[in-house]
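Remarks on the structure that follows.
The values are calculated or read from the model by the stated rules, or taken from the named source; none is laboratory data. A quick note: this is a predicted structure, and the numbers were derived from the prediction, not measured. Cβ placement follows ideal geometry from the backbone for every residue including glycine, while neighbour counts extend to all protein chains displayed. What goes into the accessible areas is simple: the full protein's heavy atoms, side chains included, and nothing from ligands, DNA or RNA. Shrake-Rupley method; radii C 1.70, N 1.55, O 1.52, S 1.80 Å.
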Amino acid sequence: MTATYELSHLDLLEAEAVHIFREVAATQEKPGLLFSGGKDSVVMLHLATKAFWPAPIPFPVMHVDTGQNFDEVLQFRDDTVARLGLKLIVAKVQDDIDAGRVTEIGGPLGPRNQLQTVTLLRGIAENQFGAVFGGARRDEEKARAKERVFSFRDEFGQWDPRNQRPELWNLYNGRHRKGENIRVFPLSNWTELDIWSYIRDENIALPQLYYAHKREVIERDGMLLAVNRFIEPTPAEKPFQATVRYRTVGDATCTGCVESTAANATDVATEVAAARITERGATRADDRISEAGMEDRKKEGYF
C-alpha cells in the first residue's frame, strides 16, 4: 500500500512562512524583523526561529516604541529577546518628538500611533534595512487585504497599491534600488483563528494581557479602555472592574479590551471562531479615524 502524506492547514501556512523567511535571507541585504511583543510578532518570531534552526536568527529585531506601550508587553519583549539572544533595536517616537520631526497631538497623553510612521522610516534608514518583516495579515483590515507578501515601497517609504508586483505561484520579486525598501508579510494568508490555533498547538508564550484577567476599565466610544497612566477618566466616566482580555496589543491610549473568560489559548481559539468582527475593528480606536484611515497611513509609509 502506498502511504499518503498530507499537510494540515496550519502546516501549509507554516511551510509558506518558513519559505518566505528563507527567501528574504537569501536574496535581500540587511533584513530586519519588527517585534513589539504582540501576538502576531511573537508568532512571526517563532516561525523565524524554525526557519533557521539550529542556527540563530540571522537578523536583528526592531520595535517602534511610541512610549505608550503596556508595561507587561515591554517586559515580555525584553525577556524574549534575551532568551533567544537577539539584537534589539528600539526606535523611539519620543526621539522624533524631541527633535521636532513630529508634533504630539493632544499633548503628552494624546495618541501617538499616527506618529509612528516617521520613526519607522527613520529606523529603516538608520539601520539600512533592505527588507523588513511585519506581522500584518490580510484579514485584519481592508487596506491590508490589498497587500502583497512582498510590499514594494519607494525611496520615500510610500506604498502605492497600483505599483506592486504580481506573485504568481509564490514567486516573489524583491528587487529594488538603493533607498527603496521591501516590507515582507509572512503571515499574510493567516487569520486570527489560524494565529490562535497555532499558538495553542505550538504552546507559544504570550503576554498575559491576551488572556482573561480582572482590570479596571472605562467605556469610551463603544470600547472598554483600561485605566492606566495614559488613560484619565473624565468626570462622566465611571471606572469599574471587569474580567477582560486583549485581542490585539497596541498603544495603551487607543487599544481596547473585550469582556472574556478565555484563560488559555484553547479557550481563546474557541471564542475567536465565533467572532464576527476583526480584532482591529473591535478594539483599535486609531483605525476609526476614517474609512480609508489605514490606507492613508500606509501610503505615507506605515505598515
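Solvent-accessible surface of region 132-260, averaged per residue with a 1.4 angstrom probe and all protein chains in place: 47 square angstrom.
Only helices reaching 24 angstrom along their own axis (Cα) with mean Kyte-Doolittle hydropathy no lower than 1.6 count here, and not one DSSP H run of the chain does.
Each 5 Å bin from 0 upward holds the following percent of the Cα-Cα pairs of region 1-113: 2, 10, 17, 18, 15, 13, 10, 7, 4, 2, 1, 1, 1, 0, 0. Adding -39500 (n - 2.57) for every DSSP H run of four residues or longer, then dividing by how many residues the chain holds, sets the calculated 222 nm ellipticity at -10000 deg cm²/dmol. Here the simple spin-label model places points 7 Å from the Cα toward Cβ, and for Ala263 and Phe52 these points are separated by 3.8 nm. The calculated FRET efficiency for the pair Asp160 and Ala125, based on their C-beta separation and a Förster distance of 25 Å, comes to about 0.85.
For the pair Asn203 and His9 in one chain, pulling the backbone fully straight at 0.36 nm per residue adds 68.1 nm over the alpha carbon distance.
For the chain, the fraction of 1.4 Å probe accessible surface lying on carbon and sulfur atoms is 52 percent.
Just how far, in whole angstrom, is region 167-225 from region 112-134 if you go by their alpha carbon centroids? Computed from Cα coordinates, the inter-centre distance equals 18 Å.
Solvent exposure of Ile124, expressed as accessible area, is near 10 Å², computed with a probe of 1.4 Å over the protein chains only.
When only Cα pairs under 8 Å and 6 or more residues apart are kept, what is the percent relative contact order across region 1-70?
Once divided by the residue count of region 1-70, the mean separation gives 34 percent.
Most tightly packed first, judged by the mean number of other beta-carbon atoms within 10 Å of their residues, the peptides 21-28, 59-66, 85-92 read 59-66, 21-28, 85-92. Charged side chains reduced to their Cβ positions (Lys and Arg at +1, Asp and Glu at -1) give the chain a dipole of some 520 debye around its Cα centre.
Note on Thr270 and Glu237: with the Förster distance fixed at 30 Å, the Cβ-Cβ geometry gives a FRET efficiency of about 0.40. Label-to-label distance, Gln75 versus Lys87, with points set 7 angstrom from Cα along the beta-carbon direction: 2.9 nm. Calculated over the chain, the projected area of the Cα convex hull averaged across directions stands at 17.6 nm².
What number comes out for accessible area per residue over region 13-105 if the probe is 1.4 Å? Units Å², please.
Computed with neighbouring chains in place, this is 44 Å² per residue.
Among the lysines of the chain, pairs at least eight places apart or on separate chains and with Cα atoms under 13 Å apart come to 4. Kirkwood hydrodynamic radius of region 114-207, from the reciprocal of the average inverse Cα-Cα distance over all distinct pairs: 14.8 Å.
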